[in-house]
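The values are calculated or read from the model by the stated rules, or taken from the named source; none is laboratory data. Keep in mind that this is a model prediction, so the values were computed, not measured. Reconstructed Cβ throughout: ideal geometry from the backbone, glycine too, with neighbour counts over all protein chains shown.
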Amino acid sequence: MKSKAIIMGLLAFFLICVESTVLHRIEIYGIVPNLSLCMVVSCSLLFGSTFGRRLGILVGLCQDILFLDILGFYTLLYFLLGQAAGVFKNGFDQNSLLLSLGITALFDLLYSFICYFFMHFFQGRIDVFYFLTHTILPELCYTLIASIPVYFWVRWVGERLDRMSERHRHQDSDGKVLPNRRSENIN
């Protein structure tokens, strides 16, 4: 589990770097997909609320350091989104891309409206319809397109790490494969 947390943390940091540098070259009308949100939601759906909370804190802290003058806003927001998205893990079919996209869309809308409310509404920019049509919906579409490879990438890495830890668990200190206890008890 520790190796999964480290690898997913590095993957999240990589996606934050890509989001804040490379994707600005291919932005559409000033909109960049929210890869950080895709990562937190995907990990929460696949690995649960606890993993999503911890990754949300890491991603949110990186976002706070990179984009805001104060610490805590994105940290709290991603923490809560990771926790809430993890609730769907039990009823979630990991092979259902459509369900993953639906949950990502829900949390992207929630994220966008919270950011609008705290960062724009309180500053006197109260034209919700303009913000919805020019920022929220285009970002939602762009994020959903970007979430497809992120979801499959996170799932693939998670499966590989699970197989490696399973293989490692069945080896002794010399690297020899230990016999399966269940097959010994059946005979």
Original post:
Residue check, H24 against (1) assigned to a helix (DSSP H, G or I); (2) modelled with pLDDT of 90 or more, all met but one. Which one?
Top reply: (2)
**OP:** Count, please, the residues in the range 56-110 that happen to be surrounded by 14 or more Cβ atoms within 10 Å (Cβ to Cβ) and not hydrophobic (A, V, I, L, M, F, W, C).
**Re:** 15
Original post:
Taking the range 27-63, which residues are in a loop (DSSP other than H, G, I, E, B) and within 22 Å of T135 (Cα to Cα)?
Top reply: E27, Y29, G30, V32, P33, N34
**OP:** Would you mention how many residues in the range 102-136 are out of contact with any helix residue (DSSP H, G or I) (no Cβ under 9 Å at 6 or more places or on another chain) and of a type outside the set (A, V, I, L, M, F, W, C)?
**Re:** 7
**OP:** Could you tell me which residue of the range 1-60 is nearest to G72 (Cα to Cα), considering only residues that are polar (S, T, N, Q) and touching a residue at least 24 places away in the same chain (Cβ under 8 Å)?
**Re:** S36
**OP:** List every residue pair whose Cβ atoms sit under 7 Å apart, with the two residues 6 or more apart in sequence or on different chains, where the first one lies in the range 129-157 and is aromatic (F, W, Y) and the second, anywhere, is surrounded by fewer than 20 Cβ atoms within 10 Å (Cβ to Cβ) and not in a helix (DSSP H, G or I).
**Re:** F131/H120; Y142/I28; Y142/I31
Original post:
For S36, all conditions in the list (1) among the polar types (S, T, N, Q); (2) buried (at least 18 other Cβ atoms within 10 Å of the Cβ); (3) more than 11 Å from the chain's Cα centre (by Cα) hold save one; what is the number of the exception?
Top reply: (3)
Original post:
T133 passes all but one of (1) modelled with pLDDT under 90; (2) within 26 Å of H24 (Cβ to Cβ); (3) surrounded by fewer than 12 Cβ atoms within 10 Å (Cβ to Cβ); which number fails?
Top reply: (1)
**OP:** Sort through T104, T133, T143 and tell me the only one that's among the polar types (S, T, N, Q) and over 17 Å from M39 (Cβ atoms).
**Re:** T133
